[in-house]
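What follows is a single structure, written as structure tokens, with notes after it.
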Amino acid sequence: MQIWCVNILIVEDNRHMRRMLMGMVGSAFDPSPVLEAADGRSAMLLCREARPELVLMDVALPDASGIDLTAEIMALLPASKVVVVSNHQTRACQEAARSAGAAAYVFKDEVYEKLIPALTQVLQGL
């Protein structure tokens, strides 16, 4: 099994969901450092300071659109990968995320089955 050590940022406003994602990602990609942000402003600050190679992005944040943040992150860190993790299951939202530069899109109700395989596939492209 491949072991990656990349800086990871989880951007999720729901504290419970953020903690769950941190636990899943932290366990699967140990010893990678996992940072967290609950809003867009904090996420962009961490992107500038920590320069994460992998970002898990919620779509609906209290102060920003995760789709817009994905585009900003890709402009700032073009080698990084963004994986959207969202409740929004419309094709339009998925297409907007991909157009903004997202490498993958995982529905929150499928996170237990599909998140780690999606992240592994994305990391293979780094």
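The values are calculated or read from the model by the stated rules, or taken from the named source; none is laboratory data. All values derive from a computational prediction rather than experimental measurement. All Cβ positions, even for glycine, are placed from backbone atoms using ideal geometry, and neighbour counts span all protein chains on display. For the accessible areas, the whole protein counts, side chains as well, though only heavy atoms, and no ligand, DNA or RNA atoms are used. Shrake-Rupley method; radii C 1.70, N 1.55, O 1.52, S 1.80 Å.
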Legend entry - Cβ charges +1 (Lys, Arg) and -1 (Asp, Glu), total dipole of the chain, debye: 140
Legend entry - Extension gain from ARG41 to ASN14, taking 0.36 nm per residue of separation minus the Cα-Cα distance: 8.2 nm
Inset, instruction - On the full set of protein chains, 1.4 Å probe, figure out the accessible area of SER99 and give it in Å² to the nearest 10. - result: 110
Inset, instruction - Sticking to Cα atoms, compute the Rg of region 1-123 to one decimal and its Dmax as the biggest Cα-Cα distance, whole number, in Å. - result: 12.8, 39
Inset, instruction - Return the whole-Å distance between the Cα centroid of region 35-73 and the Cα centroid of region 91-126. - result: 15
Legend entry - Long-range amide H partners of LEU61 with built H, under 5 Å: GLY66
Inset, instruction - Would you be so kind as to identify which of ALA64, GLN124, ALA50 lies farthest towards the positive end of the dipole of the chain, taking Lys and Arg as +1 and Asp and Glu as -1 on Cβ and the Cα centre as origin? - result: GLN124
Inset, instruction - Give the long-range amide H neighbours of LEU56: residues separated by 5 or more places, or on another chain, with amide H under 5 Å away, using H modelled in the peptide plane at 1.01 Å from N. - result: LEU9, ILE10, VAL11, VAL83
Inset, instruction - Name the most mobile residue of VAL82, VAL55, VAL111, meaning the one with the largest mean-square fluctuation, in a Gaussian network model of the chain with Cα contacts below 10 Å. - result: VAL111
